[in-house]
Amino acid sequence: MRVRTLHLTAFRNHADTALQPGTGITLLVGDNGQGKTNVLEAISFLSLSKSFYAANDAQAVMLGQDVLEIGAGIAHDAGREFDVRVTVRATSGDKAIRVNGSALEKLSALVGMFPAVILSPEQGGIIAGAPAERRKFLDVVLSQTSRSYLADVMEYRRVLRQRNKLLLDARLAGTPPARELPAWTDELVGLGSRLIHMRERFVDGVHTEFAETYRALAGTRGDAAVRYITADGIVHGMETAEIAGCLREAIARREAEELRRGATLAGPHRDDLAFEIDGRAAERYASQGEQKTLLIALKLSEYRFVSVRCGETPILLLDDVFAELDRHRAARVMHMLRSTAGQCIITATDEALIGEAPRWNNEHRRIIVDSGTCREASS
Amino acid sequence: MLYTSEALQQLVEEFARLPGIGRKTALRLSLFMLKRPREDVVKMARALVDVKDRITNCSVCCNITEADPCTICTSAKRERTTMCVVEEPSDVIALEKTNEFRGLYHVLGGALSPLDGIGPDDLKVRELLARFPGDITEVILALNPTVEGEATTIYLTRLLKPLGAKISRLARGIPVGGNLEFADEATLSRALEGRITL
């Protein structure tokens, strides 16, 4: 997909901003707080139906205004054009999304339609943060590429809440769990094993590419690896039914502890990803720059995975990615970005940070963002 | 006070309790009632009281009925060996409209949902088990395809299996008259999973 035109009205500090990203790389350059990230955030609304970092939609409405609008002309690889409009009302928080004039009944229908891969400082947590951030990463990628994963993950969360409520009730009352607990366990295991299977297949699909991309970016012999960590007994290459068997046993083994804590203690909501460089855990041993490089390698692998799975080239959004990279790594990242087929939007406070700038023309554009306005830089 | 009449205010508040009715619609409905002839309004008021006074639950299938046991449970034309378990009386009405199902029903009155405080004792599960042993040899679990309906299906299957009846569930899939290309992918992938050998 390509965003041809973007029009922001009352969106954060953009009162009325129109811009046309290039077909290749678009560099948004400007000082801190001018509204560069806000442009990426607006595109995230078009792709994921929400902000990539803020939990509250209504906060994106410009102060003193009631309704924000993000309007975009988007073209699919095959040339089909879409007019997408997102509106959010500050007072009620009501959000509406219209595609070619018709409102989406469910906002989740948008997920996967216009795929995006986003890399922002908030996502540093994928490498070194809490496991929840890595699970969120997996869920976002897989939901974009598989509607049935999205449906399973939403049902799984609901079943988990229901089952936890039974366990909590039993803990608070000091009684054995309700007799319908096994039914909830069955449903949890059924959905959970499908999620684990899909996540395993994702990691399987990207791990070679991830290692190669890391090596190319780092310019060293360092071997990077990514593994999915799940309930004990589940090994690589198992089918859903075998995973279900192992998950069921894992839950059974924790029965007493589940009752003591009043929560479900095994399942995809407890799983994790492990990143390693030369066999050593990245979260403990990798430097800031190495962690950043791992993250870029992961995101570029995700980019290719999404391209293949969606049959649609995603848009790549890189927010402030170059800050922690040395000159050589920055140049290699830029080189890779230029060789990807799709559109890429980058923010930076200074053009010098991106290492090796392309020639600015219609394909690669440089746009100056200044207190909520955008203008093309004269070359 | 919002209105010039307390009676009107009262009616608006009553209408506003109905599902899907906001205060604006409630006011419109109230003013509409005000304009109608008295006898029409009385007729409607009586109809409201009648549903409350005359309808009870069938002691066998727990569906809503005026006669106990209900007309389906006592009908000689129904197959007494097949039973369809549903969540609500509205599900019975929907299934009856198909004219396909000639067996008996059992209305649970909801589905398991710990978050709403609903367990087996809040559903008509004891009444369901009381119908065994009997003539029933096949049970069709026709609960909603929600997380709660699914848990209830699993729960009932575990309970009913040992009783020896054949147990089935409704197929999940593509709506009739729908185009494959417009089916949402989650429905399509589950329909694919539950495909039928020809």
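Here are the numbers:
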{"item": "Local electrostatic count, A:H7, Cβ distance below 10 Å [Lys/Arg +1, Asp/Glu -1]", "result": "-1"}
{"item": "Two-decimal ratio, the stretch A:217-308, of alpha-carbon radius of gyration to 2.2 N^0.38 Å", "result": "1.40"}
{"item": "For the protein assembly as shown, share of DSSP beta bridges that run antiparallel, in % to the nearest 5", "result": "60 percent"}
{"item": "Candidates A:L247, A:L63, A:L150: whichever shows maximal mean-square fluctuation once chain A is modelled as a Gaussian network with Cα springs under 10 Å", "result": "A:L63"}
{"item": "Hull shadow area, averaged, chain B [alpha-carbon convex hull, nm²]", "result": "16.9 nm²"}
{"item": "Between the stretch B:86-101 and the stretch A:289-309, the alpha-carbon center distance in angstrom", "result": "51 Å"}
{"item": "Square roots of five times the Cα gyration tensor eigenvalues for the stretch B:78-169, Å", "result": "20, 16, 11"}
{"item": "Neighbourhood charge, 11 Å Cβ-Cβ cut-off, centred on A:G24 and excluding it, Lys, Arg +1 and Asp, Glu -1", "result": "+3"}
{"item": "Alpha-carbon centroid distance for the pair the stretch B:24-81 / the stretch A:79-130, whole angstrom", "result": "45 Å"}
{"item": "The stretch A:1-152: equivalent-ellipsoid semi-axes (sqrt of 5 x gyration tensor eigenvalues, Cα, Å)", "result": "22, 20, 18"}
{"item": "The stretch B:10-21 - phi-based ³J(HN,Hα) in whole Hz, Karplus 6.51/-1.76/1.60, Gly and Pro as x", "result": "4, 5, 4, 5, 5, 4, 5, 6, 5, x, x, 10"}
{"item": "Chain A: relative contact order in percent, alpha carbon pairs under 8 Å with at least 6 residues between", "result": "26 percent"}
{"item": "Per DSSP, loop GluC sites (Glu not before Pro) in the stretch B:53-97 with at most 15 further Cβ within 10 Å", "result": "B:E66, B:E79"}
{"item": "Among A:E180, A:E351, A:E255, residue whose mean-square fluctuation peaks in a GNM of chain A (springs only between Cα atoms under 10 Å)", "result": "A:E180"}
{"item": "Value at 222 nm in deg cm²/dmol, rounded to 500, when DSSP H runs of n ≥ 4 in chain B each add -39,500 (n - 2.57)", "result": "-12500 deg cm²/dmol"}
{"item": "Inter-chain shielding of B:145-157 (mean C-beta neighbours from other protein chains, 10 Å cut-off)", "result": "5"}
{"item": "Three-way shape call for the stretch A:1-49 based on the alpha-carbon gyration tensor, with the a/c threshold at 1.5", "result": "oblate"}
{"item": "The protein assembly as shown: proportion of alpha-carbon pairs further apart than 31 angstrom, %", "result": "62 percent"}
{"item": "Degrees between helix A:240-253 axis and first principal axis of chain A (Cα, 0 to 90, nearest 10)", "result": "60 degrees"}
{"item": "Check: chain A dipole with +1 on Lys, Arg Cβ and -1 on Asp, Glu Cβ, in debye", "result": "300 debye"}
{"item": "Approximate shape of the stretch A:191-271 as ellipsoid semi-axes (Cα gyration tensor, √5λ), whole Å, largest first", "result": "32, 14, 9"}
{"item": "Separation in nanometres of the label points that stand 7 Å from Cα toward Cβ, at A:A132 and A:V308", "result": "3.2 nm"}
{"item": "Loop-resident sites, the stretch A:60-128, for GluC sites (Glu not before Pro), counting at most 13 other Cβ within 10 Å (DSSP)", "result": "A:E105"}
{"item": "Separation of alpha-carbon centers, the stretch A:14-62 and the stretch B:110-171, rounded to whole Å", "result": "50 Å"}
{"item": "Chain B: relative contact order as a whole-number percent, Cα under 8 Å and 6+ apart", "result": "13 percent"}
{"item": "Pairwise label distance in nanometres, B:R126 with A:A252, each label 7 Å out on the Cα-Cβ vector", "result": "3.2 nm"}
{"item": "Net length gained if the chain between B:L115 and B:I55 were fully extended (0.36 nm per residue, minus Cα distance)", "result": "18.6 nm"}
{"item": "Of the trypsin sites (Lys or Arg not before Pro) in the stretch B:10-43, those whose Cβ has at most 12 other Cβ within 10 Å and which sit in DSSP loop", "result": "B:R17"}
{"item": "Structure-based [θ]222 nm, chain A - -39500 (n - 2.57) summed over DSSP H runs of at least 4, per residue, nearest 500", "result": "-14000 deg cm²/dmol"}
{"item": "Linear extension gain, B:V176 paired with B:E39, 0.36 nm per residue minus alpha-carbon span", "result": "44.9 nm"}
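Any read-out appearing in this document is the output of simple, stated calculations on the displayed coordinates, not a laboratory observation. All figures in this text were calculated on a predicted structure; none of them were measured in a lab. Because the Cβ atoms are built from the backbone with ideal geometry, glycine has one as well, and the counts that use them run over all protein chains shown.
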